[in-house]
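Notes follow once the structure below has been shown.
What follows is calculated from the coordinates using simple rules that are stated; it is not laboratory data. Model, not experiment: these values are computed from the prediction. Glycine gets a Cβ as well: all are built from the backbone with ideal geometry, and neighbour counts include every protein chain shown.
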Ligand SMILES: [Zn+2]
Ligand SMILES: [Zn+2]
């Protein structure tokens, strides 16, 4: 009676561990978002109100010697001209054009965000 060494030992069951990769997008943390201040005349963005008010605005309706003015409604997904209702995705795009319904007369002033 020979003791045959069993080759039927425990089969090395190869457990393959699948790394589960999270596929949902990571939500950006909002705690480090810088405040943005936009000029309502030209749409230029500033990270501080002091900077906005310290600089001259080339699109100011009273002339480029005047300083930027805060667009108080803040950042929007789109902007609508308060005179003609045309929609723009940035104040800069909006105020680059003259408004056909401007209160000073047709084309006498730029679109202005509502
Ligand atoms: Zn400006
Ligand atoms: Zn307009």
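Looking only at the range 70-101, how many residues end up being over 14 Å from the mean Cα position of the chain (by Cα), over 12 Å from residue 38 (Cα atoms) and assigned to a loop (DSSP other than H, G, I, E, B)?
Counting residues in the range 70-101 that are over 14 Å from the mean Cα position of the chain (by Cα), over 12 Å from residue 38 (Cα atoms) and assigned to a loop (DSSP other than H, G, I, E, B) gives 10.
Quickly run through the range 28-71 and pick out the residues that are without any contact (Cβ under 8 Å) to a residue 12 or more places away in the chain and under 22 Å from residue 111 (Cβ atoms).
45, 62, 63, 64, 65, 66 - these are the residues of the range 28-71 that are without any contact (Cβ under 8 Å) to a residue 12 or more places away in the chain and under 22 Å from residue 111 (Cβ atoms).
Could you tell me whether the range 69-78 includes any residue that is surrounded by fewer than 17 Cβ atoms within 10 Å (Cβ to Cβ) and touching a helix residue (DSSP H, G or I) at 6+ places or on another chain (Cβ under 7 Å)?
Yes, the range 69-78 contains at least one residue that is surrounded by fewer than 17 Cβ atoms within 10 Å (Cβ to Cβ) and touching a helix residue (DSSP H, G or I) at 6+ places or on another chain (Cβ under 7 Å).
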